[in-house]
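**Q** I'd like to ask some things about the structure below.
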Amino acid sequence: MRNEEIKAELEALRAEVLALAETRKQTPEPTKLEGATEEVAHPDKADTSGVHEAFAPRVKELVELLETELRETPVVSGLVIFSVGLLVGRFLR
């Protein structure tokens, strides 16, 4: 990308962030209805502790599997695979 294109994209992203921030400020907070015993669930205040406990063993197992694969893969092959991934990611942009 040329320098001017990057600057234009940054300005567009800044404008979008400002617009989203304004929209969020104008959005009213959920209120408790009269006579209601439970609060209205808010996405920012969701209880995710159970989700983390359920996925922790799977994530740990995945990390251990990746570590094993990296140890068994020769360095040059790993670098080639990584480079190809970077190129494919760059071309998909």
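The values are calculated or read from the model by the stated rules, or taken from the named source; none is laboratory data. This one's a predicted model, so the numbers in the text were calculated from it and none came from an experiment. Neighbour counts run over all protein chains shown; Cβ positions are idealised from the backbone, glycine included.
**Q** Pairs only if they're at least six apart or on different chains, beta carbon under 9 angstrom, first in the range 1-19 and aliphatic (A, V, I, L, M), second in a helix (DSSP H, G or I); list them, first residue then second.
**A** Partner pairs satisfying both residue conditions: Met1/Glu9.
**Q** Of all residues in the range 39-56 being in a loop (DSSP other than H, G, I, E, B) and charged (D, E, K, R), which is modelled with the lowest pLDDT?
**A** Glu39
**Q** Let me ask something else about it. For the range 57-86, give me each residue that is at pLDDT below 80 and surrounded by 10 or more Cβ atoms within 10 Å (Cβ to Cβ).
**A** Glu69, Leu70, Thr73, Gly78, listed by residue number.
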